[in-house]
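Undergrad: Once you've had a glance at the structure underneath, I'll fire off some questions.
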Amino acid sequence: MANGTRRMAPGSVTRREAVALLGGVALGAATLGLCGCGSDAGAGAKASAGAAKADARRRRGDFRIGVLQIADHAALERTRKGIAQALDAAGVRYRLDVQVAKNDFLACQGMAAGFSGGDHDLIVALGTPAAQAAVGATSNVPIVATAVTDLAAAGLLDNAQVPGGNVTGAADLTPVERQFDLLRQLLPGAGRVGILYCSQESNSEVQASMAEDAASARGLASERFRVAGAGELEAAVRSMAGKVDACYVPTDNTVAASIGKVAAQATTAKLPLVCGEAGMVEAGGLATVGIDYLELGKAAGSMAARVLGRLQREARQRKRDAAAKQPTADMAVWQPDGAPKVVVNQQTARALGIDTSALDTASLERA
């Protein structure tokens, strides 16, 4: 899923729609700010002085990065750590302004609006809702999005190879096919799988469709269990009991932020969870085969360093303005290419009575 024309997932939006739908709060806040300053005769001069100061700072190579994170969970924390490691390795001088939305989508939009005001040289968005909020807030500040399954399907850009605008990033497309091979190995008697995710996350809709295809290809029936928010997770897990033999959880931020409670409830109900990433397994899920989010963060951080380097060169040559070519315009989206790793929670396996001794990890990790 590297580039080109894509089948849009149910509930996904185009870039234009994302700007219209998700940018309302951000643009409204910006408009209010402009209205409030419109009567101030010195506002224009103040803005010009601020732009000149920012331009001088970029020429020195001193950058301010807004980090917009949709939720607190292990995968995004590892991603953020990898970003900082890559920036440090590249010798970038920077200050991070980290804002975590606690899975509050409206708050995320407001935070994105704050990052679009001109004081930040770059926005790094962690998670699909954060990236969509950033896109809705600005078409001028460069954005590096990461922990997003498919940037095109999420409406962030049109072409992953040549983004053309102010957005690029590092995708975290999970190896769904191999995860269902893992499910088959661990649970050879399973016949029906529940797919648990938040309907508000377009990345999860993409993965749910992929999970349905993977299940069907392996002779498994599947059923979607959608939630609108974290408050519905407990009821969703309860509703699975007696209906499915296992549960598949994609890299969904809403579920990931509550995975400890979800996993505990599922284990009590004797419902194995095959997860989209390792942090969910460490918190009590059964198993996964997937990418390393620290490495994902390093990839995104390297892209951020390249963007900032281009901004510095541009600032040294001329004053940056809205008409300037975005430093992200020709920067292709990074896709995972390393062999995924199998992670199994042995404590959970014992609690569920699952024997993992015959697990063929080599076949699952094979690229």
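Undergrad: On the given criteria, is residue 99 outside the structural domain of residue 204 (by TED's automatic domain parsing), at pLDDT 95 or above and within 14 Å of the chain's Cα centre (by Cα)? Outline the logic, then answer.
TA: Numbers: outside the structural domain of residue 204 (by TED's automatic domain parsing): yes; at pLDDT 95 or above: yes; within 14 Å of the chain's Cα centre (by Cα): no.
So residue 99 does not fit the description; no.
Undergrad: Sticking with this structure for a sec: Which is modelled with pLDDT of 95 or more, aliphatic (A, V, I, L, M) and touching a Ser or Thr at 6+ places or on another chain (Cβ under 8 Å), of 107, 112, 84? Break it down stepwise before answering.
TA: Working: 107 fails: touching a Ser or Thr at 6+ places or on another chain (Cβ under 8 Å); 84 fails: touching a Ser or Thr at 6+ places or on another chain (Cβ under 8 Å).
The unique qualifying residue is 112.
Undergrad: Right, here's the next one. When you scan the stretch 207-214, do you find a residue that is in the same structural domain as residue 250 (by TED's automatic domain parsing), in contact with a Gly (Cβ under 9 Å, 6 or more places away or on another chain), surrounded by 24 or more Cβ atoms within 10 Å (Cβ to Cβ) and not acidic (Asp, Glu), even just one?
TA: yes
Undergrad: From the set of residues in the stretch 215-248 that are farther than 18 Å from residue 174 by Cβ and basic (Lys, Arg), which is surrounded by the most Cβ atoms within 10 Å (Cβ to Cβ)?
TA: Applying the filter and picking the extreme gives 226.
The values are calculated or read from the model by the stated rules, or taken from the named source; none is laboratory data. Every value quoted in this text rests on a predicted model; they were computed, and no experiment measured them. We place every Cβ from the backbone using ideal geometry, glycine too, and count neighbours over all the protein chains shown.
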